[in-house]
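Notes for the one structure printed next.
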Amino acid sequence: MPGKDAGAGRPDERYEDLIDELVGAEGVTPPAGGGGFGRSALRYQGKIFAMLVRGRLVVKLPARRVDALVEAGDGVHFDANKGTPMREWLSLDPGSGQDWLALACEALDFARSR
């Protein structure tokens with residue numbers, strides 16, 4: 001189901017809007033910048049739950065939820081360029097109608113539950 005932000009703006013702009021929405025939440029820290037893995041990541045108590053990688057939103061969700069989104073054609077399992085897809089990480093297809101903020105909030109809730 002498309003959200004209000006579905007397809008609106010460039011990925012980097014959409015991600016900046018997402019950061020602005022979530023950084024005020026307790027325990028959430030903004031991207032640290034710099035180089036290396038996770039430089040664009042939103043973290044909850046130091047653990048990554050959402051990031052922008054090569055223009056795609058990447059979120060950590062329960063494996064079953066990731067599988068369902070992949071099966072629906074909304075994305076693929078994220079592999080961090082290591083050749084091994086990660087069960088709990090979704091790389092959202094840029095053409096997906098999924099709401100970025102809703103998915104990031106879902107990922108934040110998942111991070112809080114762990």
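The figures follow:
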| item | result |
| --- | --- |
| Total residues in region 3-16, condition out of contact with any strand residue (DSSP E or B) (no Cβ under 9 Å at 6 or more places or on another chain), touching a residue at least 24 places away in the same chain (Cβ under 8 Å) and either among the aliphatic types (A, V, I, L, M) or surrounded by 12 or more Cβ atoms within 10 Å (Cβ to Cβ) (or both) | 3 |
| Flag if residue 78 is of a type in the set (Phe, Trp, Tyr) and over 16 Å from residue 103 (Cα atoms) | no |
| Residue in region 90-102 that is among the hydrophobic types (A, V, I, L, M, F, W, C), farther than 19 Å from residue 37 by Cβ and touching a His at 6+ places or on another chain (Cβ under 9 Å) present | no |
| Residue check, residue 80 surrounded by 12 or more Cβ atoms within 10 Å (Cβ to Cβ), of a type in the set (Gly, Ala, Ser) and on the phi < 0 side of the Ramachandran plot | no |
| Those residues of region 41-51 which are under 18 Å from residue 86 (Cβ atoms) and either surrounded by 18 or more Cβ atoms within 10 Å (Cβ to Cβ) or free of Cβ contacts under 8 Å to residues at least 60 places away in the same chain (or both), in sequence order | 41, 42, 43, 44, 48, 49, 50, 51 |
| Given (1) under 25 Å from residue 9 (Cα atoms); (2) in contact with a Pro (Cβ under 7 Å, 6 or more places away or on another chain); (3) part of a helix (DSSP H, G or I), index of the condition residue 110 fails | (1) |
| Failed criterion for residue 54 (all others in (1) at negative phi; (2) open to solvent by 50 Å² or more (accessible area, probe 1.4 Å) hold) | (1) |
| Single condition residue 20 does not satisfy, out of (1) surrounded by 14 or more Cβ atoms within 10 Å (Cβ to Cβ); (2) assigned to a helix (DSSP H, G or I); (3) of a type outside the set (Lys, Arg) | (1) |
| Lone qualifier among 56, 65 - being within 19 Å of residue 16 (Cβ to Cβ) and not polar (S, T, N, Q) | 56 |
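Conditions (1) more than 17 Å from residue 12 (Cα to Cα); (2) surrounded by 13 or more Cβ atoms within 10 Å (Cβ to Cβ); (3) small (Gly, Ala, Ser), marked per residue:
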site	(1), (2), (3)
32	no, no, yes
35	no, no, yes
39	no, yes, no
66	yes, yes, no
96	no, yes, yes
101	no, yes, no
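The values are calculated or read from the model by the stated rules, or taken from the named source; none is laboratory data. All values derive from a computational prediction rather than experimental measurement. A quick note on method: Cβ atoms are made from the backbone with ideal geometry, for glycine too, and the neighbour counts reach across all protein chains shown. Note: areas computed on protein heavy atoms with side chains; ligands, DNA, RNA excluded. Shrake-Rupley method; radii C 1.70, N 1.55, O 1.52, S 1.80 Å.
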